[in-house]
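Undergrad: Before we start, here is the structure in question, set down as structure tokens.
The values are calculated or read from the model by the stated rules, or taken from the named source; none is laboratory data. Predicted, not measured: the structure shown is a model, and the values here were computed from it. Cβ coordinates were reconstructed from backbone atoms using ideal geometry, including for glycine residues, and neighbour counts include every protein chain displayed. Keep in mind that these areas ignore ligands, DNA and RNA; they rest on the heavy atoms of the full protein, side chains included. Shrake-Rupley method; radii C 1.70, N 1.55, O 1.52, S 1.80 Å.
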Amino acid sequence: MFHNILVAVDDSPDAEEALAQALDLAESEHTRLTLITSVPKPPSVSYIGVAGAPPAQIEAEARSWAEGVLRQARDRVPDDLPVATILT
């Protein structure tokens with residue numbers, strides 16, 4: 001019935017539950033799983049102020065966080081299940 005299941009992950013409890021449900025469905029349907037997450041855009045106020053981190057550092061930390069979320073989700077997928085990851 002399904003050819004590919006797309007799951008958005010963001011380290012929230014709801015995303016964790018969605019991933020668990022998608023894993024069950026993908027295994028029962030013998031289908032591909034695609035995991036997606038995005039690099040959060042920091043609020044513009046993050047870039048204001050003398051004591052704040054440089055914009056490049058803020059963006060690098062956000063990207064690193066998103067990559068970690070995607071990696072943790074990928075690690076939960078069984079080896080015999082085809083999986084793709086997307087970082088936007």
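Undergrad: When residue 51 is evaluated against the numbered criteria (1) of a type in the set (A, V, I, L, M, F, W, C); (2) modelled with pLDDT of 95 or more; (3) open to solvent by 60 Å² or more (accessible area, probe 1.4 Å); (4) assigned to a loop (DSSP other than H, G, I, E, B), which criterion, by number, is the only one it fails?
TA: So the condition that residue 51 fails would be (2).
Undergrad: Identify all residues within region 71-88 that are in a helix (DSSP H, G or I) and within 16 Å of residue 32 (Cβ to Cβ); write none if there are none.
TA: The answer is 73, 74.
Undergrad: Taking interchain pairs and intrachain pairs at least six residues apart, which have beta carbon atoms under 9 angstrom, with the first residue in region 14-25 and under 18 Å from residue 2 (Cβ atoms) and the second part of a helix (DSSP H, G or I)?
TA: That search, which allows pairs on different chains as well, returns 19/73.
Undergrad: Within region 4-13, is even one residue more than 14 Å from residue 85 (Cα to Cα), at pLDDT 95 or above, out of contact with any strand residue (DSSP E or B) (no Cβ under 6 Å at 6 or more places or on another chain) and of a type outside the set (Val, Ile, Thr)?
TA: Yes, some residue in region 4-13 is more than 14 Å from residue 85 (Cα to Cα), at pLDDT 95 or above, out of contact with any strand residue (DSSP E or B) (no Cβ under 6 Å at 6 or more places or on another chain) and of a type outside the set (Val, Ile, Thr).
Undergrad: Scan region 21-28 and give yes if some residue there is modelled with pLDDT under 95, among the aliphatic types (A, V, I, L, M) and open to solvent by 40 Å² or more (accessible area, probe 1.4 Å), otherwise no.
TA: no
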